Amino acid sequence: MIDHWPWWLGGLALAGVALTHWFLLGRQMAVSGRFTAIVNRWRFGAPDPSAQALQNASQAELLAAIQAATRAEFGGADESLAPNAPASEPAAPRLPQESPRSPQRPRTLTEHWVFLGSLVLGGCVSALSAGSLELSLVPTGELFQKLFAGTPWGGALILLAGGVLVGAGTRMASGCTSGHGLCGVSRLQPGSLLATVAFFGAAVVTAFLLRGLS
Amino acid sequence: MRHLFKREDPARTSDRSPPLACPHARSCEMFDLLQAAGTLKTWQIRYCAGNYQTCARYEMSAQGKPVPPNLLPSGQLLRFAGGDR
Amino acid sequence: MSTWLRTGLMGTGLGFALSRIGFSSWDEVHRMFTFASLRMLLAFVVGVGVLTLAWPLVRHFSRATPRWSPRPIHRGTLAGGLIFGVGWALSGACPSIALVQLGEGQAAALFTLSGIFVGNWLYSWAHERYFRWSAGSCIDD
């Protein structure tokens, strides 16, 4: 049996992992997005390599490319001739001198699988080091057994159904516990606040209903 | 210290005219690039400030598809000269 | 350090932490949601609290303005959150947890994991076909 960490250690660990994720990978930690990316690859195919290629462009090459694209699209027409153009306007002020950044490097499918695989590894290391690594056919715990192990495939169906709801819900809400719950809420993002309250509330109600059924 | 706790500034650009109708404009990855190239106004007038539903990026996003980071509102992919090295 | 190594380290660290905190135990999760034990709930609150203080500091000391994905409320936020919550209470797992459970030897997590992929796929199909609303930004994280 794993001796679970006290609340303060757990809290520090969660924050620590999220911050380390930011420092090492330059993005907010968000797991459901990786599932989304994998499903997107299945549904929509591989992305065009030009996005990855752009990462090698120098600033000058980037700006030249944009100017060329603008000319190609608008034919070098004077923008003041465009239908909604205001009569006269000041030149667009440039950004305070942060040089323009190319779009974020797109992540590869392999990176996503590596992350998901390493989550498995993390669980494995944890169980191994606690001496409790064992192949078990049901989720650990007596409550689950009590509730669902009555019928032979009942437990499996519940897990499958629950999983479908998790997969669909996280994609619909654009995030899960790490993305919305940890990172989004701590950044006071409105969508994350709402999503977290929603999923937490729904989970609590469901859990009580389950307990009532047992 | 108070500045450390203020809400994240949603608008990363100081250029606010014309008013942006597109709800994605403030986080759009194309914004920085187009602004730095001095061509932002041109694209904004056609897409962000008005007919944003015709923007290829918005359309793909609304369909739930992954938006290529180098997709221009016109539907063309931004490529640079040395890109086929 | 290569991206793969960094990615692998992060996933392992997160998996390890989630396992040690107890999120991979169906019983512990159930106790959290029925308030039979406040331990994991408190851990979550502490985690969020520390991050709330940390992010502004990170922004302040960063050389370039961090490019963090905005998370506005959109038409799928509430319903999606509710659906996810029900699923979490039923399966005991959120997406990362199913994988951690696998690592611990809980073979039944394969059902959960399959369900997650199927659910994500189903929603993607449904959204493209029927919903077509904007999720508030093109950045997907």
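The values are calculated or read from the model by the stated rules, or taken from the named source; none is laboratory data. Computed from a predicted model, the values in this text were never measured in an experiment. Cβ placement follows ideal geometry from the backbone for every residue including glycine, while neighbour counts extend to all protein chains displayed. The accessibility values were calculated without ligands, DNA or RNA, using every heavy atom of the protein model including side chains. Shrake-Rupley method; radii C 1.70, N 1.55, O 1.52, S 1.80 Å.
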Let me know the Rg and Dmax you get for segment C:1-46 when you use only its Cα atoms, in Å.
13.7, 43
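Given only helices, namely DSSP H runs of n ≥ 4 each adding -39500 (n - 2.57), what is the per-residue ellipticity at 222 nm of chain C, to the nearest 500 deg cm²/dmol? The partial results should precede the final answer.
Values: 6 runs with 93 residues, N = 141.
Calculated at 222 nm, the ellipticity per residue is -21500 deg cm²/dmol.
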Once amide H atoms are built 1.01 Å from N in the peptide plane, which residues 5 or more positions from A:Ser136, or in another chain, come under 5 Å H to H?
C:Gln106, C:Ala107
Distance in Å, no decimals, from the C-alpha centre of segment A:175-214 to the one of segment C:22-48 is 12 Å
Which value, in debye to the nearest 20, gives the size of the charge dipole of the protein assembly as shown about its Cα centre, when Lys and Arg are +1 and Asp and Glu are -1 at the Cβ?
480 debye
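With a 1.4 Å probe and all protein chains in place, put A:Lys146, B:Lys65 in order of accessible area, largest first. Walk me through the intermediate numbers first.
Working: A:Lys146 140, B:Lys65 55 Å².
Of A:Lys146, B:Lys65, the descending order of accessible area is A:Lys146, B:Lys65.
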For segment C:62-141 and segment A:1-58, distance of Cα centres in Å
13 Å
How large is the accessible surface of A:Trp7 in square angstrom, using a 1.4 angstrom probe and rounding to the nearest 10?
110 Å²
Protein chains only, probe 1.4 Å: how do B:Asp32, A:Asp3 rank by accessible area, largest first?
A:Asp3, B:Asp32
